Amino acid sequence: MRRLNREDRHLLLGIITVLIVGFLVFWPTDYYRISPGIAKNLEPMVEVKAKSYPIKGEIMLTAVSMREARLFDYLYIKLFNPQLIELRPKPEGIDMKEYAEVMLEMMKESQLKAKAVALKQAGYDPKITGEGVKVVKVLEEGDAYGKLQEGDIIVAVDDKPVHLVTETVDKIRNREMGQGVEVTVKRGDTKKTYNLRTLPLQEESENPSIGVLITPYNREYKLPIDIEINAGKIGGPSAGGMFTLEIYNRLVPEDITHGLKIAGTGTIDLDGRIGKIDGIQQKIAAAKKEGAKIFFVPKGNADKAQEMKVSGIKLVVVENIKEIIAYLKEEHLDL
C-alpha cells in the first residue's frame, strides 16, 4: 500500500473539509431559526374602493424571518447566543404544509376582522359572522388529545360563544400558562363541554394552547365598502392591528401618520382589542432598521419589548385600536 503524497493529502483534506462543511450547512434539525424580518409599507397591499385621502407617512406591517435551522445554525446559536437570533422548536405532530395553510387562513381571517373594525371606527356598520370553528387536527402533546375529535365544532370558550378562528385562539391564549379553559363543542347533534389545561406546545413558548388546529366554519361577512388586501405569502394573524390602522387612515380625511413611518404588531379582535404575538423583539428591530419612529406594542408583549432599550424609535404599549388612533390624533406627538 503506497503512502499518500503531498498533493493527495491536500486533495483528501479538501474532500473531508467539503463534506464537513456540507454536513453542517445542510443537515436539518428539529428547530426553526428566528431573526429580524421585514417591515413593509402596507399602502401597496391594501386597496380601498371608496373616496381616498392623501397620506404622507407610512403604516408598516412587521414580520419575523423564520427558516429551518441547519446544524450550523443550531451550533452557532447555542455557542454564541447572538442577539435577536433564536431557535424555536418545530411543532410536533404537525405536517408543515398543513401548518402553513392554517397560518394563511388565519391571515385571511385577520384581514377580514381588520376591515370590519376599521369600517366601524370610521362610522360604518360591517357584519362578520361564523358558526364556530372546526377542529381539523388534535395534537398528542395537548390536553385536548383523547377528548376533542377531528370534525368537532368549537362553539364556546369559557361559556362565551366564539365565531371565528382568531377570536377562538385569542380567548384560549388570554390566560396564564397552565390555567384551565372550558371548551364547548358541537359533535353531530349534541354539545359537549370539556375542561382542558393549557400547555406550551413548543419549548419556551409563551402561548398557552390546548393542542388543536382549527379552521373557519360557515363564515360570512357583509362589508359596506369593498376592500382588497394582498399580503402575498405572509401568514398568521399578527398584522391585524396594523391592517386596521391602514384601512382606517384611508377612510378618514385626517392623515393621522403625521408624515411619519409607523409600525407595530398585534392581532385584532372584532371588539378592537390588540392581542399579543410572537417575535416582538425581532419585529421592533426590523421596524427600526426601516426608519420607523413609532412602534405599537400589544400590552401582552410589553415586558419583552421594553427589555430592548432601543433608541430612535418610540415603543407605545396599547390594548386596543382606539388607543392607537387617539395617540396618533394628538397634535404634538411625544417623540
Expected single match for closer than 23 Å to residue 238 by Cα and open to solvent by less than 70 Å² (accessible area, probe 1.4 Å) among 167, 176 is 167
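Yes/no per residue for (1) under 23 Å from residue 272 (Cβ atoms); (2) out of contact with any strand residue (DSSP E or B) (no Cβ under 7 Å at 6 or more places or on another chain); (3) touching a residue at least 24 places away in the same chain (Cβ under 8 Å):
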{"residue": "132", "(1), (2), (3)": "yes, no, yes"}
{"residue": "152", "(1), (2), (3)": "no, no, yes"}
{"residue": "159", "(1), (2), (3)": "yes, no, yes"}
{"residue": "163", "(1), (2), (3)": "yes, no, yes"}
{"residue": "168", "(1), (2), (3)": "yes, no, yes"}
{"residue": "188", "(1), (2), (3)": "no, yes, no"}
Residue count, the range 258-293 (criterion: more than 15 Å from residue 321 (Cβ to Cβ) and of a type in the set (Ser, Thr, Tyr)): 0
Considering every residue within the range 270-280, establish whether at least one is touching a Leu at 6+ places or on another chain (Cβ under 9 Å) and either crowded, with 20+ Cβ neighbours inside 10 Å or without any contact (Cβ under 8 Å) to a residue 60 or more places away in the chain (or both). no
Of the residues 262, 247, only one is within 25 Å of the chain's Cα centre (by Cα) and farther than 23 Å from residue 105 by Cα; which? 262
Residues that are of a type in the set (Ser, Thr, Tyr): find the strands (runs of 3 or more DSSP E) completely inside the range 174-276 holding 2 or more of those. 190-197
Considering only residues that are surrounded by fewer than 13 Cβ atoms within 10 Å (Cβ to Cβ) and at pLDDT 85 or above, look in the range 1-50 and name the one that is farthest from residue 245 (Cα to Cα). 28
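The values are calculated or read from the model by the stated rules, or taken from the named source; none is laboratory data. Being a predicted model, the structure only gives us computed values, none of them experimental. In this analysis, Cβ positions are derived from the backbone assuming ideal geometry, glycine residues included, and neighbour counts consider all displayed protein chains. Accessible surface is based on the protein model in full, side chains and every heavy atom, while ligands, DNA and RNA are left aside. Shrake-Rupley method; radii C 1.70, N 1.55, O 1.52, S 1.80 Å.
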